[in-house]
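The values are calculated or read from the model by the stated rules, or taken from the named source; none is laboratory data. These numbers were taken from a predicted model, which means no experiment stands behind them. Cβ placement follows ideal geometry from the backbone for every residue including glycine, while neighbour counts extend to all protein chains displayed.
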Amino acid sequence: MAKKTVIETTLNGEVTEFLCEPRESLLEALRDTLGLTGSKEGCLTGDCGACTVVIDGRAACSCLVFAVEAQGKKIETIEGLASREGLHVLQQKFLEHASLQCGICTPGFLMSSKALLDRNPNPTEAEIRYALAGNLCRCTGYDKIVRAVVDAAKTLNSGARAA
Amino acid sequence: MAASNGKNFKVIGTRPIRHDGVDKVTGRAKYGADYAFPDMLFGKMLRSPYAHARIKSINTDKAKALPGVMAVMTAADLPDLPDRVESAGEAPINVAHLTQNLMARDKVLYNGHALAAVCATSPHIAEEAVALIEVDYEILPPVMTVEEAMKPGATILLPNLRNKEEGDKQTNVASHLQFKRGDVAEGFKSADYVVEREFKTAMVHQGYIEPHNAVAMYNSDGKGTIWCSTQGTFAVRGLSAAVAGIPEQDIKVVPAEIGGGFGGKLTIYLEPIALVFSKMTGKPVKMVMSRADVLRATGPTSGSTIRCKMGCTKDGKLVAAQVWMAYEAGAYPGSPVGAGAMTIIAPYVIPNMIIDAYDVVVNRPKTAAYRAPGATNAAMASETIIDELAEMCGIDPADFRLQNAVAEGAAQTAGPPYKKIGFVETLEALKNTPHYKSKLEGPYRGRGVASGFWFNIGLQSSAVVNLHGDGTASLVIGSIDIGGTRAAQAMVAAEVLGIGALDVRPQVADTDTIGYTDVTGGSRTAVTTGVAVFQAAEDAVRQLKERAAKLWEKKPEEIAYTDGVLSTAADPSKKLTLKEIAKQFARTGGPITGRANVNVRGVGPSFATTCVDVEVDPDTGKVKILRATCVQDVGKALHPSYVEGQIQGGTAQGIGWALNEEYVYDDKGILRNFGLLDYRMPTCLDLPEIETVLVEVPAPGHPIGSRGVGEVPIVPPVAAVANAIARATGIRMEVAPMSPPRLLKALLKKRNGADSQAAAAGR
Amino acid sequence: MHAINYEAPTTVDQALKLLAAHGEKARAICGGTDLIIQLRAGVRRPEHVVDLKNIADMRKLSFSLQHGLRLGAAVPAIELHESADMRRYYPGLTEAAHLIGSLQIQSRASVGGNLCNGSPAADTTPALIALAAKGRVVGPKGERMVAAEDFCVSPGRTVLNPDELLVDLQIAAPSGHSSDAYLRFIPRNEMDIAVVGVGVAVTIDPADDRCIDARIGLGAVGPTPIFAKEASATLVGKKLDAAAIDKAAQLAIAVSSPIDDMRGTAEFRRHVVGVLTRRTLAIAIERARSASSR
């Protein structure tokens, strides 16, 4: 068994260190080593998006990233989406639009949506659906999720404060 | 129970932010796999690579010897349970089959059937150890379809399985049910149009995003705790006790948040294994299924073969129906064919009918409930034939259904006549939607309509309302929240107490904290737990009146409680709000707790009608869903947003079932698509907006008028899509899913002039 | 997953030394979106995983009208879509890269890695074939250029020796009126592996609207991605009307040898290859016609 190594990464804005074996995924490091269980395991094959985190500004499936690859990167997880001032506009809109039922896919959707809006602040509904196609939801039929993202984009563009 | 139909509600029908919402959008909510304890161990199962085999021997020595392995288990470590039936939620369960399904004894009966397990210090080590277990299998021929299983001379799966009709003969047919009314032969003679088709629907999975999980701790005092994502903590307790051989009263089940269930988490897979491992090792043990395990070895719903024949007069009056239906039970008996039989023509008044329904075992995973289990398969058959008859009569499909619709007083397939129901109202409402009124134009475009029926069950629920000194309340229930029900239940309590929805804090409690509550399933939460919560809040109100009576020196009967204010007609100057009297709880007798325990019977069913517009690519057979609307009678929506959500979710699942979802086994019975790449569920790019219409025909006997809403929306969509394809292309598909290769084959055959019904149906 | 060792060289030479040292016991990784799944499933069991993403040379995407495109093998697919030059000059390849999996997959998966995975259904390979892309393969004995259509030898296997690396892919600059297109058939609208993939590049003479050059690449209809040589040749020198396109489509069908699997039947694939060849050609031709002189 390969020895564990110390990995230093920037996690939700804070420099963080953790130990991991090479075979561990970033998802395992987040959930099992760092106790950040907000990112979820749904499939381990990159087909459901429940484990979505943002790495250096891009959404990625943390189940398909080795934990060691976090070295030197900037990683954002659901735990860092809200700020001291309150929920991110996306989180607020998901609540208002009832965009979650069981909620297991919600962290993944929020991180994918954030990555989308950070790059494309004014997406069309088609662009939103395309960007979120890597996140599966089995409860909602996606309708209220898409409405929430549309509404969040509108609110952010109107100058409302984002976290 | 006083019905409150037509009353103006203050809280019911509004859309507050759900109480557990912030935890869920911040990732703080704890689902089963999120639980972790110091010195926790990890369990993994060994699963059969074969579809059907005798287990000659299992050698776990190498696995035990791997450093980091703490325990190994086979069926020898679990009690050998007799063929005995226990109640677990909606349906009785044979505990011998249950325990054998969790850990095979003499035979493995499907690819993925568990037969051993390992417990180790890391999940990776557990996985490595599982690979070191040596099993000597005697491979047997796999039986993969109902046709193969029912053939004379078929390989037998369960040597002890018998059915009433075949006496002592070994069989793969677990049961045969029959429903009859009138005289079908005479009925068909009087028909002007008769359509008869044979349908096949594929096995599909509920597809919840969260795999099954369990964390268990068995303490040295003989008391165990299980944390898991489940639809029913009391079911987990009872079934785990039986399988593990531990007394039920020594097990506490704590509900984690659940990441989807849809019926698939009403039973157990990992819980007793984790508990026994904890007993063996003295440490907490966590087990989480992989997605491949979920698809191979949990409980998808039955594939089926349904032969359906229906006849009507040229005026569109249905006169006769004849159905033969065989459903895959999987490795052990218990498909939902009975429910399929009871729902297939339930929405219609048909004087002559005969339905023969067969529950058949095959070498596939043991089926579990999937949202209105059995009904979607059935509707694919009946609702498409009805559409065909409507087309032959030249009658609009909604009108055809209206002409034949059941209403209050009509006979059910089994059971007493319908009380007040809202089927007709859903059809009329559909006709009034912008969707239905809009013109659908363009080549290869079509509009399909289908209706669905599903029961709501009652059963047992318990609720406790604690009033706090600041005039707010907390609500304790046992109904697991899979889609927003804790918020809706808090709203029920808030309505009765006359306070705001957010002034009631709901909690879904463990099996020690709340009274026995049946599973979250069967569309029962609003109709049964809702009643318990209503009554518990009324019980609290009764006590409030007693306190006011004490303070005002009046009799409790003289006290009124309206919109959160106590008053007495005898003295209009005396008023106390809940907030005010709460400050006086201590001096008037102590805290106030309202409670209620119910076992509700005779709950009415739900109806839905779905309309789908499709566009077919004639050169590839790909179907695009242009527009979808589902109209459902919800009685009285507690929280409309979450009711809409149930309808949208069920519709989306139905569309996936219609277009691309199916289990694909090879000729050796090995599952080929055990991942979400090739078990294709709809993404948000595959679906349009899903429009919903909530029809509110109050349910008789319910204090608020609510009906169950969770299941019926999944019943119509497969047939609605099939009907839309038929209107778009002239092709009546007889196989679900109507995937592009099947539809293209039918399109090409039609284009090339083939006239056989079978060829043109995509088979 | 079995236990592995992880190494992250920062130069091609370092990477080659590691591969030479470990031989068959090592596997190179770029995006990992195929490899990590294979490791978990036990399909591949290398002891050493050599991460190429820290090698600057392999992460460069450079394009100029003089030299064309040099696409480092570790460049994430999403960067193609984010490059205005890529969208303008190689729209088909860019679209193919933008169709791989989801955005989450595209932020990690690379076109080079996709090619090295050796799947006959890889989305970008037919587009690479159409553009006459060549892979620069580097090993202890030096460099060689391998045409995209020659890269994959059987499902999951490529021409790479265990001690070799694909460092970049090179595509000539588009000339005059030329452009490319890629279409695939999948049952859903995203996330699926291509059931059929067709990549087409055409060059048209604006004077008489005749085809100067055409290449058709096919995916998921054979044990490897296919360069449809005859189908391509039949278009050269012709006016690209319906008859010419139809002929090419028939020849594309003829060179396909698809199988039945859980994603589609052979019969289905054969029919859809024809349909997509027509549709992809139509798009590429339209783009080529309107490509302004550069």
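Details
- Which listed residue is out of contact with any Asp or Glu (no Cβ under 6 Å at 6 or more places or on another chain), in a strand (DSSP E or B) and either within 27 Å of residue C:16 (Cα to Cα) or charged (D, E, K, R) (or both), from C:49, C:43: C:49
- If you check A:108, A:72, A:141 for being within 14 Å of chain C (Cβ to nearest Cβ), part of a loop (DSSP other than H, G, I, E, B) and small (Gly, Ala, Ser), only one passes: A:72.
- Candidates C:284, C:248, C:243 - the one that is within 20 Å of the chain's Cα centre (by Cα) and either of a type in the set (Val, Ile, Thr) or not in a loop (DSSP other than H, G, I, E, B) (or both): C:284
- Meets criteria (part of a loop (DSSP other than H, G, I, E, B), touching a helix residue (DSSP H, G or I) at 6+ places or on another chain (Cβ under 7 Å) and more than 14 Å from chain A (Cβ to nearest Cβ)) for residue B:619: yes
- Lone qualifier among B:202, B:129, B:191, B:185 - being over 27 Å from residue B:82 (Cβ atoms) and within 14 Å of chain A (Cβ to nearest Cβ): B:129
- Note on the range B:269-309: among residues that are part of a helix (DSSP H, G or I), surrounded by fewer than 23 Cβ atoms within 10 Å (Cβ to Cβ) and in contact with a Leu (Cβ under 8 Å, 6 or more places away or on another chain), the one that is farthest from the other protein chains (Cβ to nearest Cβ) is B:281.
- Members of the range A:52-69 that are basic (Lys, Arg) and either assigned to a loop (DSSP other than H, G, I, E, B) or touching an Asp or Glu at 6+ places or on another chain (Cβ under 6 Å) (or both): none
- Members of the range A:111-127 found to be touching a helix residue (DSSP H, G or I) at 6+ places or on another chain (Cβ under 8 Å) and either touching a residue at least 24 places away in the same chain (Cβ under 8 Å) or away from chain C (no Cβ under 14 Å) (or both), listed by number: A:111, A:112, A:113, A:114, A:115, A:116, A:117, A:121, A:122, A:123, A:125
- From the options A:80, A:103, A:49, residue that is touching a residue at least 24 places away in the same chain (Cβ under 8 Å) and at the interface with another protein chain (Cβ under 7 Å from one of its Cβ atoms): A:49
- Residue list for the range B:443-463, filter: closer than 16 Å to residue B:384 by Cβ, surrounded by fewer than 24 Cβ atoms within 10 Å (Cβ to Cβ) and either small (Gly, Ala, Ser) or assigned by TED's automatic domain parsing to the domain that holds residue B:234 (or both): B:446
- Any hit, the range B:717-726, residues being within 10 Å of chain A (Cβ to nearest Cβ), within 23 Å of the chain's Cα centre (by Cα), buried (at least 23 other Cβ atoms within 10 Å of the Cβ) and not acidic (Asp, Glu): no
- Only one entry of B:253, B:236 meets the criterion of being buried (at least 24 other Cβ atoms within 10 Å of the Cβ) and over 24 Å from residue B:291 (Cβ atoms), and that entry is B:253.
- Residue match in the range B:434-447 (condition: within 25 Å of the chain's Cα centre (by Cα) and modelled with pLDDT of 95 or more): no
Per-residue answers, yes or no, for (1) of a type in the set (Asp, Glu); (2) under 25 Å from residue B:711 (Cβ atoms); (3) part of a loop (DSSP other than H, G, I, E, B):
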| position | (1), (2), (3) |
| --- | --- |
| B:399 | yes, no, no |
| B:410 | no, yes, yes |
| B:415 | no, yes, yes |
| B:453 | no, yes, no |
| B:466 | no, no, no |
| B:471 | no, no, yes |
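- Just one residue in the set B:395, B:385 is in the same structural domain as residue B:667 (by TED's automatic domain parsing), assigned to a loop (DSSP other than H, G, I, E, B), buried (at least 17 other Cβ atoms within 10 Å of the Cβ) and hydrophobic (A, V, I, L, M, F, W, C); that residue is B:395.
- If you filter the range A:84-100 down to residues that are within 27 Å of residue A:29 (Cα to Cα) and within 11 Å of chain B (Cβ to nearest Cβ), you find that the one that is surrounded by the fewest Cβ atoms within 10 Å (Cβ to Cβ) is A:86.
- Once the range B:503-523 is narrowed to residues that are out of contact with any Pro (no Cβ under 6 Å at 6 or more places or on another chain) and not in a loop (DSSP other than H, G, I, E, B), the residue that is surrounded by the fewest Cβ atoms within 10 Å (Cβ to Cβ) is B:505.
- Of all residues in the range B:657-702 being outside any loop (DSSP other than H, G, I, E, B) and within 7 Å of another protein chain (Cβ to nearest Cβ), the one that is surrounded by the fewest Cβ atoms within 10 Å (Cβ to Cβ): B:685
- Among the conditions (1) within 11 Å of chain C (Cβ to nearest Cβ); (2) over 30 Å from residue A:6 (Cβ atoms); (3) basic (Lys, Arg), residue A:154 misses just one, which is (1).
- Contacts under 7 angstrom Cβ, first residue in the range B:104-119 being under 16 Å from residue B:289 (Cβ atoms), partner part of a loop (DSSP other than H, G, I, E, B) and of a type in the set (Lys, Arg), 6 or more apart: B:110/B:364
- Residue count, the range B:21-52 (criterion: buried (at least 18 other Cβ atoms within 10 Å of the Cβ) and not aliphatic (A, V, I, L, M)): 15
- Count - residues of the range C:256-281 that are within 11 Å of chain B (Cβ to nearest Cβ), in contact with a strand residue (DSSP E or B) (Cβ under 9 Å, 6 or more places away or on another chain) and not in a helix (DSSP H, G or I): 1
- Restricting the range C:13-40 to residues that are assigned to a loop (DSSP other than H, G, I, E, B) and not hydrophobic (A, V, I, L, M, F, W, C), the residue that is surrounded by the fewest Cβ atoms within 10 Å (Cβ to Cβ) is C:32.
- Test result for residue C:209, surrounded by fewer than 20 Cβ atoms within 10 Å (Cβ to Cβ), at pLDDT 95 or above and acidic (Asp, Glu): no
- Qualifying residue in the range B:741-759 (condition: more than 20 Å from residue B:394 (Cα to Cα), modelled with pLDDT of 95 or more, in a loop (DSSP other than H, G, I, E, B) and within 14 Å of chain C (Cβ to nearest Cβ)): no
- Counting only strands (runs of 3 or more DSSP E) that fall entirely inside the range B:173-226 and contain at least 2 residues that are surrounded by fewer than 22 Cβ atoms within 10 Å (Cβ to Cβ) and touching a residue at least 40 places away in the same chain (Cβ under 8 Å), the qualifying elements are B:173-181, B:193-201.
- Matching residues, the range A:8-26, being crowded, with 22+ Cβ neighbours inside 10 Å and under 15 Å from the mean Cα position of the chain (by Cα): A:11, A:26
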